[in-house]
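Coordinate-derived values only; no laboratory data. None of the values given here were measured: they were computed from a predicted structure. Positions of Cβ are generated from backbone atoms using ideal geometry, with glycine treated the same way; all protein chains shown enter the neighbour counts.
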Amino acid sequence: SPALDVDAIREDFPILDRKVGGDVTVPGPDENDDTPLYYLDNAATSHTPKQVVEAMTEFYYQYNSNVHRGIHSLSQEASVAYEDAHDRAAEFVGADGREEIVFTKNTTEAFNLVAYTWGLTELEPGENVVTTQMEHHASLVTWQQLCEKQGAEIRYVEIDDDGRLDMDDLREKVDEDTAMVSTVHVSNTLGTINPVAEITDIAHEHGALSFIDGAQAVPTRPVDVGEIDADFYAFSGHKMLGPTGIGVLYGKEALLEELPPFLVGGAMIRRVEFEGSTWEDLPWKFEAGTPPIAEAVGLTAAIDYLEDVGMDAIERHESELAEYAYDRLSEFDDVEIYGPREERGGLVGFNLEGVHAHDLSSILDDHGVAVRAGDHCTQPLHDVLGVPASTRASFYLYNRKEEIDELIDAVDTARELFA
Ligand SMILES: Cc1ncc(COP(=O)(O)O)c(CNc2co[nH]c2=O)c1O
């Protein structure tokens, strides 16, 4: 597929024309903004194209209503949009159908949903959960808390000096007492892309389930949960051009069927009597109360946009930018880069010797370069790297190499400042 037409894509994102540098205590542009924005913080959250905003505005202007239960026209229109969004998400990640797609608030909630349903009912004392040193707190802390509650053991697969997963160590740690293997698809700190299909095979060989954290993968490359054969797979709308407030938990239908509900209340029940209650069919059993209706409309529009651009082309664009950033940062002998050069997602984490990531990122901000500095919710991984924090530049379909050149110039300025 042809290279991305980045200029055409940027037309759909008004925010990219923003100037910054003025008063940040007042949300939105102000008269003192004079520095062009170079947005390189997409692993934290992506921007929202006009098509997504317009779809959500259309919902609020034309067919806003509560779903599932109303008989009147607006409710039926809103219900169709909300339920169809599940079908759209299922197609996008290769799920069998809407029964396998639960809308959550975000990826974090998806992990908690599985921990509170599968974990509290299936994870036995003496069993173990195998995860890795590079996990995001959304999964790592969830498994840590669950294992503590259940009297189970949590095991962390090590990474090598290149920031790749030590697959021999993984094979060592998965055994007949392993109930769950949970790994990130693309690391939000290292950029490492894990062999999630192979990892899932190893889990299944030992009778364990596989849960893949796809928050940095679904937005940036083609993902087919059937090919991976994962039992659970999670991602967030706000990282893939969609709105905040909606995430997706994919789960194999047979598994979700067996699990008890997570949150209970309205919408997820079939029949309520004083003596007890029964539950709705999938996926509604896992969606209590009024759901993120406008956000589901936005998610559908985001998926339409991404498919229009093409996930293969986005994946290629991402790795081109990541390799370019890696090579340009490598020009400095006092910059340490984390993660592998090849085969990495669209982000580069690094440190400038002698300069704390927070200080560096505020200088970059003075130049309009928006990056993330800190632990990126991977504190144990930063302990393994031996640093308290890192600076991370992350790219998406609307970024250009010239923006990476701005990053490099700003890093160079910082070097002179702190020299
Ligand atoms: C790999 C990974 N897993 C889970 C999450 C949690 O997603 P959420 O529930 O939608 O917040 C993130 C978000 N990562 C980041 C959020 O901000 N900076 C980040 O790197 C992530 O990168």
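Using bins of 20 Å that start at zero, the share of Cα-Cα pairs per bin across the chain amounts to 26, 55, 19, 0, in whole %. In a DSSP loop and with at most 11 other Cβ atoms within 10 Å, the GluC sites (Glu not before Pro) in region 1-95 are Glu31. Helix-only arithmetic for the chain: the sum of -39500 (n - 2.57) across DSSP H runs with n ≥ 4, divided by the residue total, places the mean residue ellipticity at 222 nm at -11000 deg cm²/dmol. Computed across region 209-311, the Kirkwood hydrodynamic radius from all distinct Cα-Cα pairs reaches 15.2 Å. Roughly how many whole Å is it from the C-alpha centroid of region 326-397 to that of region 183-257? If you average the Cα positions of each part, the centres end up 24 Å apart.
In the chain, a dipole from Cβ-located charges (positive for Lys and Arg, negative for Asp and Glu) runs towards its positive end, and of Ile212, Pro36, Val102 it is Val102 whose Cα lies farthest in that direction. For Lys239, the lysines whose Cα comes closer than 28 Å to its Cα, not counting residues fewer than 8 places off in the same chain, are Lys19, Lys50, Lys105, Lys252, Lys285, Lys401.
Please list, ordered by chain and number, the residues whose modelled amide H lies under 5 Å from the amide H of Ala215; skip anything fewer than 5 residues away on the same chain. When sequence neighbours closer than 5 places are left aside, the close amide H contacts are His185. Residue-wise HN-Hα couplings along region 235-240, as the Karplus relation 6.51 cos²θ - 1.76 cosθ + 1.60 with θ = phi - 60° gives them from phi, are 7, 10, x, 6, 9, 10 Hz; Gly and Pro carry x. DSSP beta bridges confined to the chain are antiparallel in about 60 percent of cases.
For region 250-353, the list of GluC sites (Glu not before Pro) that fall in a loop by DSSP and count at most 16 other C-beta atoms within 10 angstrom reads Glu275, Glu331, Glu342, Glu343, Glu353. Shown in residue order for region 384-392 are the 3J(HN,Hα) couplings computed by the Karplus curve 6.51 cos²θ - 1.76 cosθ + 1.60 at θ = phi - 60°: 5, 6, x, 10, x, 7, 9, 9, 10 Hz (x for Gly and Pro).
Both numbers refer to the Cα atoms of region 54-128; Rg and Dmax are 16.8, 55 Å.
Pull up the DSSP beta bridges for region 182-280 and report the antiparallel fraction as a percent, rounded to 5. In region 182-280, DSSP labels about 60 percent of beta bridges as antiparallel. What is the distance in Å between the Cα centres of region 268-288 and region 1-31? Centre-to-centre (Cα) distance: 44 Å. Projecting the Cα atoms of Trp284, Pro195, Met167 onto the charge dipole of the chain (Cβ charges, centred on the Cα centre) puts Trp284 farthest toward the positive pole. Between Arg171, Arg221, Arg400, the Gaussian network model of the chain with springs among Cα atoms under 10 angstrom shows the greatest mean-square fluctuation at Arg171.
About its Cα centre, the dipole of the chain is roughly 1220 debye, where the only charges are +1 on Lys and Arg Cβ and -1 on Asp and Glu Cβ.
Simple rule: put +1 on each Lys or Arg Cβ and -1 on each Asp or Glu Cβ in the chain, find the dipole, and look at Ile246, Ala81, Ala313; the Cα lying farthest toward the positive end is Ala81.
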